[in-house]
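S.K.: Take a look at the following structure, please.
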């Protein structure tokens with residue numbers, strides 16, 4: 001088995017600070033059946049041209065008057081359609097997430113429909129938290145219901161669908177080198193089979209603060225897909241130029 005994988009993400013000129021690191025990583029993955037496509041939604045054409053000069057296959061989303069979340073979602077849906085038409089899997093790999101060389105082989109080895117790598121995000125208080133959410137256990141559900149009695153029917157319905165979740169607060173909480181089930185994951189480094197993409201369109205809702213990653217996880221669970229994460233595949237998340245300097 002040698003599945004064909006589309007690697008890509010939405011991008012814009014605000015991610016130029018980590019372009020060199022990303023290009024080096026994605027062009028040298030230890031796998032021989034993948035292609036890279038980026039979708040640029042910068043205001044101007046210059047960044048697309050820069051990406052093309054570096055050898056990337058670049059599409060451009062030239063949409064005016066839409067929010068950043070709407071543009072990101074539209075870009076991701078262009079990649080979704082391409083993956084359905086021509087690939088077996090889509091490796092959603094954000095430009096500021098730098099993967100290990102063997103990410104493809106490790107994630108593919110599990111034969112899962114949705115499997116995420118692990119990467120962290122620095123919060124406002126400086127704490128590094130993985131972009132993974134776990135399921136609430138029965139005691140946690142009970143406590144949540146006691147604290148929010150007005151939401152009882154909604155919480156019970158969400159519980160039946162497996163949509164009640166909690167943020168995993170540190171990498172140390174995760175078992176080492178294990179494939180685990182999770183309630184949600186970010187779209188920064190996740191391998192998605194085209195069977196999933198056929199049933200789920202990336203979406204957002206301007207009335208809510210969540211991006212398309214949380215809606216994707218909710219939709220996946222609602223449609224009966226499991227979301228997993230390989231805790232042995234750790235990616236570096238470069239959050240801004242200062243982060244790049246500190247990790248170089």
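Each value in this text was obtained by applying a stated rule to the coordinates, not by laboratory testing. In this text the structure is predicted, and so the values were computed from the model without any measurement. Glycine gets a Cβ as well: all are built from the backbone with ideal geometry, and neighbour counts include every protein chain shown.
S.K.: Under 17 Å from the 7 Å Cα→Cβ point of residue 111, by amide nitrogen: which residues of region 69-95?
M.R.: Taking a point 7 Å out along Cα→Cβ of residue 111, the residues of region 69-95 whose backbone N falls under 17 Å are 89.
S.K.: Give the peptides 88-95, 23-30 in descending order of average Cβ contacts within 10 Å, highest first.
M.R.: Numbers: 88-95: 24.2, 23-30: 14.6.
Order by mean packing, descending: 88-95, 23-30.
S.K.: Provide the packing ranking of 67-73, 110-116, 189-195, i.e. peptides ordered by the mean count of other C-beta atoms within 10 Å per residue, highest first.
M.R.: The packing order, highest mean first, is 189-195, 110-116, 67-73.
S.K.: Continuing with this model, one more query. Between residue 125 and residue 62, what is 0.36 nm times their sequence separation minus the Cα-Cα distance? Round to one decimal in nm.
M.R.: Working it through step by step, the gained length comes to 19.1 nm.
S.K.: For residue 23 and residue 169, what is the calculated FRET efficiency with R₀ set at 51 Å and r taken between the beta-carbons, to the nearest 0.05?
M.R.: Values: r = 32 Å, r/R0 = 0.63.
The value I calculate is 0.95.
S.K.: Please compute the volume of the convex hull spanned by the alpha-carbon atoms of region 6-50 and report it per residue in Å³.
M.R.: It comes to 68 Å³ per residue, whole-number rounded.
S.K.: Under a plain spin-label model, where a point goes 7 Å from the Cα along Cα-to-Cβ, how far apart in nm are residue 4 and residue 207?
M.R.: 4.1 nm
S.K.: Please rank 54, 1, fewest neighbouring Cβ atoms within 10 Å first, as an exposure proxy. Write down the numbers at each step before the final one.
M.R.: Details: 54 14, 1 5.
Ascending number of Cβ neighbours within 10 Å: 1, 54.
S.K.: Here's a follow-up. Quickly work out the residue 86-to-residue 199 label distance, labels modelled 7 Å from Cα along the C-beta direction, and quote it in nm with one decimal.
M.R.: 2.6 nm
S.K.: Still on this structure, I have one more. Quick check: the distance between the Cα centres of region 64-106 and region 6-20, to the nearest angstrom?
M.R.: So the separation of the two Cα centres works out to 11 Å.
S.K.: So how far apart, in nm, are the two label points at residue 46 and residue 33 if each is 7 Å from Cα heading toward Cβ?
M.R.: Spacing of the two 7 Å Cα→Cβ label points: 4.1 nm.
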